[in-house]
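A.B. asks: One structure is given below, represented as structure tokens, and several questions about it will come after.
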Amino acid sequence: MYKGFYFFRIGYSQIPFPKPQKCIFSNKFLKRLKWKLFIIVNLVFCHFTGVETVDNLAGYYEGNYVIHNFRLENGEMFKDLNIHYRTLGSPQRDSSGTIVNAVLMLHGTNGSGALFLTESIGTHLFASGKPLDLSRYYIILPDAIGSGGSSSPSDGMKAHFPHYQYHDIVKAHHQLITEKLGVTHLHFILGYSMGGMLTWVWGEKYPHMMDALLPIACLPVPVSGRNLILRRAIIESIKNDPTWKQGNYTHSPDGWVSSYPFWKMLMESAQHLSQIASDLQQGQSYVEHASNEAKNRDANNVLYALDASRDYAPNLKQIQARVLAVNFEDDDINPNSFEILTQAILKVKNGNFVLISKSNQTNGHLSFLEADLWAKYVTILESECY
């Protein structure tokens, strides 16, 4: 059985990845980390609502781009599709005027690009000397359809909102980047969870538009197993609840409120849960707090976001960019036990992957939220692009 960081060479030079060092945290640090993760979890599936963020980011800009008559792959249409986005840093151009330093970063299910601005991520990526130093890179952080500040069911259409899929999100982001921001080539794309899945779709759909891809905490195969069952169970818990009222509810459907604690639980590692719910009182508190979180989220937004993965089946042989996929050993949403990624990466022309072993720092699917675990691989991938 492999230990530490695992690396598999498919297509280009091997890179020796170090084993993680032992980390001993003080009680004060653990309490701070627990609180920060607890708040950030709210970001992963809902609008950004005030987590501690990195201040004074160079070139920070926030805006909206409206795409008129945007047709989905299933034939449905948005008369006016709004895509909310943020940018950091400044575009740099070559002698022909082409932007050469753009990096696209994609958030998770029903989240927001603001997630990347949280202190536990942004300080490890965007500061001077860090992998995505803003003096060198032009960072693009779009919100997906149905998420953040982009057009969503909760804007008023509710269950009449067009049924978008992952390929539609990628198409909309492509139009934002090329038509609004004037970017015709991306240095690389980095995405987490759903954003990682979208990263794989980008590589298939626009194979010559980027130098490299770094998908994190996801698998490049159709959603299946625990991940699929979880999605369908939550969708059905919402739609089969009489209080959903075909999407025209006046308060959060009871089915959604009661099912969300299971979703949240599966996102975290067994080790972390055993620490924060070690007795009956703590376990009850966890469930009650999760239920209260669900009441502040729009069930239709969640339903649409979970259902959007139904077209996800990337054609890995189409991908031309270099790929370094990063997964976590204790992520039960994307389990490594069946070696799915090991087999899938064989189909990628220039593909490699890293599996980060479980430790005191990892927390299942939410391990991404501590960028010091994986930021070094941004630098490694970048070095392979030159």
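The values are calculated or read from the model by the stated rules, or taken from the named source; none is laboratory data. Source: prediction; values computed, not measured. Reconstructed Cβ throughout: ideal geometry from the backbone, glycine too, with neighbour counts over all protein chains shown.
Conditions tested, residue by residue: (1) surrounded by 23 or more Cβ atoms within 10 Å (Cβ to Cβ); (2) farther than 26 Å from PRO222 by Cβ.
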residue	(1), (2)
LEU115	yes, no
GLU119	no, yes
THR123	no, yes
GLY156	no, yes
GLN165	no, no
PHE188	yes, no
GLY195	yes, no
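A.B. asks: Mind telling me which of the residues SER259, SER291, SER278 ends up being modelled with pLDDT under 95 and either assigned to a loop (DSSP other than H, G, I, E, B) or surrounded by fewer than 16 Cβ atoms within 10 Å (Cβ to Cβ) (or both)?
C.D. replies: Being modelled with pLDDT under 95 and either assigned to a loop (DSSP other than H, G, I, E, B) or surrounded by fewer than 16 Cβ atoms within 10 Å (Cβ to Cβ) (or both) holds for just one of SER259, SER291, SER278, which is SER278.
A.B. asks: Something else now. Report whether or not LEU214 is assigned to a strand (DSSP E or B), modelled with pLDDT of 95 or more, at negative phi and aliphatic (A, V, I, L, M).
C.D. replies: yes
A.B. asks: In addition: Of all residues in the stretch 347-379, which are of a type outside the set (Lys, Arg), over 14 Å from TYR192 (Cα atoms) and assigned to a loop (DSSP other than H, G, I, E, B)?
C.D. replies: VAL348, ASN350, SER357, SER359, ASN360, GLN361, THR362, ASN363
A.B. asks: Could you please find all residues in the stretch 60-74 being closer than 18 Å to THR118 by Cβ and either more than 23 Å from the chain's Cα centre (by Cα) or outside any strand (DSSP E or B) (or both)?
C.D. replies: TYR60
A.B. asks: Could you grab me the full set of residues in the stretch 173-189 that are among the aliphatic types (A, V, I, L, M) and farther than 13 Å from TYR138 by Cα?
C.D. replies: LEU176 - this is the single residue of the stretch 173-189 that is among the aliphatic types (A, V, I, L, M) and farther than 13 Å from TYR138 by Cα.
A.B. asks: Here's another thing I want to ask about it. Report yes if GLU76 is surrounded by fewer than 18 Cβ atoms within 10 Å (Cβ to Cβ), of a type in the set (Asp, Glu), at pLDDT 50 or above and closer than 30 Å to GLU288 by Cα, otherwise no.
C.D. replies: Against the criterion (surrounded by fewer than 18 Cβ atoms within 10 Å (Cβ to Cβ), of a type in the set (Asp, Glu), at pLDDT 50 or above and closer than 30 Å to GLU288 by Cα), GLU76 does not qualify.
A.B. asks: Can you pull out the residues in the stretch 131-166 that are in a loop (DSSP other than H, G, I, E, B), among the charged types (D, E, K, R) and over 30 Å from VAL100 (Cβ atoms)?
C.D. replies: Of everything in the stretch 131-166, nothing turns out to be in a loop (DSSP other than H, G, I, E, B), among the charged types (D, E, K, R) and over 30 Å from VAL100 (Cβ atoms).
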